[in-house]
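K.L.:
One structure, pasted below without further comment.
The values are calculated or read from the model by the stated rules, or taken from the named source; none is laboratory data. These numbers come from a predicted model, not from an experiment. Positions of Cβ are generated from backbone atoms using ideal geometry, with glycine treated the same way; all protein chains shown enter the neighbour counts.
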């Protein structure tokens, strides 16, 4: 999602095309820096076929990988790696990973690069019931992961949280390194919704637990939650689970 106050700075973001390449030779400066199973982006190769795109990754043993499919000049780059159901040993393979993308099968023309620094595992609540913070934390700990901070999910601010991007309102702004939602937009698992990611475990308009807390003068501290559709920071009794390494 872009437009209005979702749009990022012009040097990073284009409402029609998405994130811009920052520095081909500095993968850490480019989108994305955070990832999860099933998230994807597209690139228009202009002078070559999307199906000709190839890549290298480092370290080669990382559990984070890519699948690339082509449709004419468009290449679709999809992240794969540990997801719900992974063992702790499998989850541990999602180490920081750098990808170099080439426009040709011979790997002579480097066109893009990025480094995934943080990997997220979302848990679907198949029963339809939300989970307590303690249940979410237990699940993440079993993976060797943890509950994310607010800023690892969004750069928004709210009446309960003022440590987001300076001047930003109650929704995320598209920024590289601005949090999972600020990079990837709305995280849905439905094929018929804009900014959706079919095959991922993120659910529509869910609230995800964070480790940050809010304390009013009259109450005990309660953990903040982040909405998956706009990155809004709020409070509630129950939430959904996403973990980060």
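K.L.:
Scan segment 11-28 and report the pairs whose first residue is in the same structural domain as residue 100 (by TED's automatic domain parsing) and part of a loop (DSSP other than H, G, I, E, B) and whose second residue is loosely packed, with under 13 Cβ neighbours inside 10 Å and at pLDDT below 95, with Cβ atoms within less than 6 Å and a gap of 6+ or a chain change.
P.N.:
15/3
K.L.:
Another one. Taking only segment 152-166 into account, find how many residues are in contact (Cβ under 8 Å) with a residue 40 or more places away in the chain and either within 15 Å of residue 240 (Cβ to Cβ) or within 18 Å of the chain's Cα centre (by Cα) (or both).
P.N.:
6
K.L.:
Select from segment 219-245 the residues that are free of Cβ contacts under 8 Å to residues at least 60 places away in the same chain, surrounded by 18 or more Cβ atoms within 10 Å (Cβ to Cβ) and not in a strand (DSSP E or B) and list them in ascending order.
P.N.:
Correct list: 228, 229.
K.L.:
So, in segment 170-188, exactly how many residues are modelled with pLDDT of 95 or more, assigned to a loop (DSSP other than H, G, I, E, B) and in contact with a helix residue (DSSP H, G or I) (Cβ under 7 Å, 6 or more places away or on another chain)?
P.N.:
Qualifying residue count for the region: 7.
K.L.:
Let me ask something else about it. Being in contact with a strand residue (DSSP E or B) (Cβ under 8 Å, 6 or more places away or on another chain), touching a residue at least 24 places away in the same chain (Cβ under 8 Å) and surrounded by fewer than 16 Cβ atoms within 10 Å (Cβ to Cβ): is that true of residue 58 here? Spell out how you get there, then give the answer.
P.N.:
Working: in contact with a strand residue (DSSP E or B) (Cβ under 8 Å, 6 or more places away or on another chain): yes; touching a residue at least 24 places away in the same chain (Cβ under 8 Å): yes; surrounded by fewer than 16 Cβ atoms within 10 Å (Cβ to Cβ): yes.
Judged against the criteria, residue 58 is a match.
K.L.:
Sticking with this structure for a sec: Among the residues of segment 141-157, write down those that are out of contact with any helix residue (DSSP H, G or I) (no Cβ under 7 Å at 6 or more places or on another chain) and more than 15 Å from residue 228 (Cβ to Cβ). So that I can check it myself, show each step before the final result.
P.N.:
Going residue by residue through segment 141-157, those that are out of contact with any helix residue (DSSP H, G or I) (no Cβ under 7 Å at 6 or more places or on another chain) are 141, 148-151, 156-157.
Hits for segment 141-157 are 141, 149, 151, 157.
K.L.:
Same structure, new question: Quick check on residue 70: is it in contact (Cβ under 8 Å) with a residue 12 or more places away in the chain, more than 29 Å from residue 9 (Cβ to Cβ) and more than 16 Å from the chain's Cα centre (by Cα)? Break it down into steps so the answer makes sense when it comes.
P.N.:
Details: in contact (Cβ under 8 Å) with a residue 12 or more places away in the chain: yes; more than 29 Å from residue 9 (Cβ to Cβ): yes; more than 16 Å from the chain's Cα centre (by Cα): yes.
Considered against the rule, which asks whether it is in contact (Cβ under 8 Å) with a residue 12 or more places away in the chain, more than 29 Å from residue 9 (Cβ to Cβ) and more than 16 Å from the chain's Cα centre (by Cα), residue 70 comes out as yes.
K.L.:
Which of the residues spanning segment 29-45 are within 23 Å of residue 117 (Cα to Cα), part of a strand (DSSP E or B) and out of contact with any helix residue (DSSP H, G or I) (no Cβ under 6 Å at 6 or more places or on another chain)? Lay out the reasoning, then the answer.
P.N.:
Residues of segment 29-45 within 23 Å of residue 117 (Cα to Cα): 29-43.
Among the residues that remain, those that are also part of a strand (DSSP E or B) are: 34-36, 40-43.
Of everything in segment 29-45, those that are within 23 Å of residue 117 (Cα to Cα), part of a strand (DSSP E or B) and out of contact with any helix residue (DSSP H, G or I) (no Cβ under 6 Å at 6 or more places or on another chain) turn out to be 35, 36, 40, 41, 42, 43.
K.L.:
If you don't mind, there's one more thing I want to ask. So residue 211 clears everything in (1) surrounded by 16 or more Cβ atoms within 10 Å (Cβ to Cβ); (2) within 16 Å of the chain's Cα centre (by Cα) except one condition, right? Which one?
P.N.:
Tallying (1) surrounded by 16 or more Cβ atoms within 10 Å (Cβ to Cβ); (2) within 16 Å of the chain's Cα centre (by Cα), residue 211 fails exactly one: (2).
K.L.:
Right, another one. Here are the criteria: (1) crowded, with 19+ Cβ neighbours inside 10 Å; (2) over 18 Å from residue 180 (Cα atoms). Tell me which single one residue 132 does not satisfy.
P.N.:
The one condition residue 132 does not meet is (1).
K.L.:
Is it the case that residue 216 is at pLDDT below 95 and outside the structural domain of residue 11 (by TED's automatic domain parsing)?
P.N.:
Numbers: at pLDDT below 95: yes; outside the structural domain of residue 11 (by TED's automatic domain parsing): yes.
Judged against the criteria, residue 216 is a match.
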